[in-house]
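These notes are about the structure you will find just below.
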Amino acid sequence: MIRIIRELWRWRRLVGELARRDFKARYAGSALGAAWSVLEPLVQFALYLTVFGVFLGMRLEGNAGVGNFGLYLISGLVPFAAFQESVVRATGLARERVELVRHVNVPLEVLLAGSLAAVFARQGVALAIVIAVAAAAGTVTAGGLLWLLAGIAVLTVTVFGLALGLVVVGAFLPDLAQVVGTATMVLFFLTPIVYPVSQVPHAVAGYMPANPLWGILSCFRTALVGGPPPAGPFALAAACAAAFFVLGALVFEARRRQVPDLA
């Protein structure tokens, strides 16, 4: 763990440059360029709000902890999208960047951090839109923003810990990217993103606190929608984030030297 952190600090400028290039490459060749980083989340949010708010007729403002349904929905979509894109990207990174992994003397964790930073930058644009909407709605408070920062920190540690393990395991197992993609899709519906916990049957609701993503989403929603501080779910999410980071670092250190031969 200490070695990984030290390497990231040593190569921090390269991490930033890799993230910048990755961000620009996503929109390279398009007429609107980086403007798509704003248009994409706007279209996505509009689709979700139309499907769940109009077509399915979901009106959850009367449920505890929901507040404005539109804000409730998109404040859960943003952190989950960052989580989903990051872990799927990490799983196939060694094979996607095979030339860099094999022939460039840059630590694999630096390549990984640059890729994840680009993902978080794109999702950060979406988060800025949500914060602006929440501020206009009057649901943002100074105390809530502290919970938002706490949620971002725990999400970052969770993602990076999982990514450390997945980037090396993905080099061994080519089909892992498809498995992780399917698993995150299932996790999307197992996490209260498009519905509140109060809508879940009691027999199932009791298991919801075991999902660490719930604690992360609760931090975002406390900041953007309002509601009581999620101390319990946050504590569980923080403990899981630390565990993911330790386990991911152990797997990474055990197998990272074999990745160039497998990618």
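Only the coordinates and a few stated rules stand behind these numbers; no lab work does. All values derive from a computational prediction rather than experimental measurement. Methodologically, a virtual Cβ is constructed for each residue, glycine included, from the backbone with ideal geometry; neighbour enumeration extends over all protein chains shown.
Remark on the chain: ratio of C-alpha radius of gyration to 2.2 N^0.38 Å is 1.03.
For the range 200-252, which chymotrypsin sites (Phe, Trp or Tyr not before Pro) are both in a DSSP coil and crowded by at most 12 other Cβ atoms within 10 Å? Please list the in-between numbers first.
Values: sites: 207, 214, 220, 234, 244, 245, 252; in loops: 207.
When the chymotrypsin sites (Phe, Trp or Tyr not before Pro) of the range 200-252 are filtered for loop state and at most 12 Cβ neighbours within 10 Å, 207 remain.
Inter-label distance, residue 95 to residue 258: 1.7 nm, where each label sits 7 Å from its Cα along the C-beta direction. A simple rule links phi to the HN-Hα coupling: the Karplus curve 6.51 cos²θ - 1.76 cosθ + 1.60 with θ = phi - 60°, which for the range 167-179 gives 5, 8, 5, x, 5, 7, 10, x, 7, 5, 4, 5, 5 Hz, with x for Gly and Pro. Listing 193, 131, 216 from fewest to most neighbouring C-beta atoms within 10 Å gives 131, 193, 216.
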